[in-house]
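The values are calculated or read from the model by the stated rules, or taken from the named source; none is laboratory data. Owing to the predicted nature of the structure, the values given are computational and were not obtained by experimental measurement. In this analysis, Cβ positions are derived from the backbone assuming ideal geometry, glycine residues included, and neighbour counts consider all displayed protein chains. Ligands, DNA and RNA are stripped out before the accessible areas are found, and what is left, the full protein with its side chains, is counted by its heavy atoms. Shrake-Rupley method; radii C 1.70, N 1.55, O 1.52, S 1.80 Å.
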Amino acid sequence: MGLLAGGLTSGFLLAVFMSNAGGAWDNAKKFIETGEFGGKGSEAHKASVVGDTVGDPFKDTSGPSLNILIKLMSMVSVVFAGLIVKFSPKIGAFLHIIAK
């Protein structure tokens, strides 16, 4: 349960941060293209194009990857829940023997 909760929480935060960072890089390029910081052709514009190249996949992949993460982790937890319930008495007895 902890792995599922931790994976979903960290995956959600990573997706939100990636989406925001991608949008910020895209908006920075658009802002520079309006004439700020030297406009098109300047060093700032060249750097913003590189940032936009990184930012577009960030925006485009963060949402779908989070959907896959949620489905995968949910399926893994459902599959292993039965095994954990079935073998928990044996595991508990084994750990009790080791603890002595």
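Quick rundown of the values:
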{"quantity": "Residue check, Asp26 open to solvent by less than 60 Å² (accessible area, probe 1.4 Å) and touching a Lys or Arg at 6+ places or on another chain (Cβ under 8 Å)", "calculated": "yes"}
{"quantity": "Hits in region 4-59 - residues which are closer than 27 Å to Ser74 by Cα and free of Cβ contacts under 8 Å to residues at least 40 places away in the same chain", "calculated": "Ala5, Gly6, Thr9, Ser10, Leu13, Phe17, Asn20, Pro57"}
{"quantity": "Which numbered condition Gly51 fails, given (1) open to solvent by less than 60 Å² (accessible area, probe 1.4 Å); (2) modelled with pLDDT under 85", "calculated": "(2)"}
{"quantity": "Filter pass, Gly92 being on the phi > 0 side of the Ramachandran plot and surrounded by fewer than 12 Cβ atoms within 10 Å (Cβ to Cβ)", "calculated": "no"}
{"quantity": "Filter pass, Ser48 being closer than 30 Å to Leu3 by Cβ, assigned to a helix (DSSP H, G or I) and of a type in the set (S, T, N, Q)", "calculated": "no"}
{"quantity": "Residue list for region 16-55, filter: under 23 Å from Leu69 (Cβ atoms) and polar (S, T, N, Q)", "calculated": "Ser19, Asn20"}
